[in-house]
Amino acid sequence: MKIELIKRDENLLEFYLIGEDHTFANLLNEVLHENKHVTFAAYTIEHPVLMARKPKFRIVTDGKITPEKALEDAAQKIFDKAKDVLEVWEKTTKE
């Protein structure tokens, strides 16, 4: 995974998430929407064949946090959820 910055303004962040597809992009988008300071979050895949593994994200916040902070918080939340699933799985398989 790699992030390629497209545009950065005060409350706006646009970037490509290189190496990912709808699976992770949709998860990230959903978690961004859980943040009350995110006023807009969406991604597109500009060409389904040529750009399939390069979703383009746009995040807009209300100014109380930066879009970068919203992205960091979403990434941490995804990490924490994945860790919880792993712990439950390990607990289940040891019983």
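What follows draws every value from the coordinates through simple rules; no lab data is involved. Treat the numbers as computed from the prediction; the structure is a model and nothing was measured. For neighbour counting, all protein chains shown are included, and Cβ atoms are generated from backbone atoms with ideal geometry for every residue, glycine included.
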If you take the beta carbon distance between residue 92 and residue 22 as r and set R0 to 41 Å, what does 1/(1 + (r/R0)^6) give as a FRET efficiency, to the nearest 0.05?
0.90
Exposure proxy check on 40, 15, 79: fewest-to-most Cβ neighbours within 10 Å is 79, 40, 15
Tilt relative to the chain, helix 22-33 - C-alpha long axis, 0 to 90 degrees, to 10:
80
The chain - percent relative contact order, Cα under 8 Å, separation 6 or more:
28
Using only Cα atoms, locate the centre of the range 2-20 and the centre of the range 45-72, then give the distance between them in Å, rounded to an integer.
6
For the chain, longest principal axis from Cα atoms; helix 67-94 axis from its Cα atoms; angle between them, nearest 10 degrees, is 20
Mean-square fluctuation maximum in Gaussian network of the chain, Cα pairs under 10 Å, restricted to 44, 66, 23, hits 23
Given N residues in the chain, what is Rg(Cα) / (2.2 N^0.38 Å)?
1.21
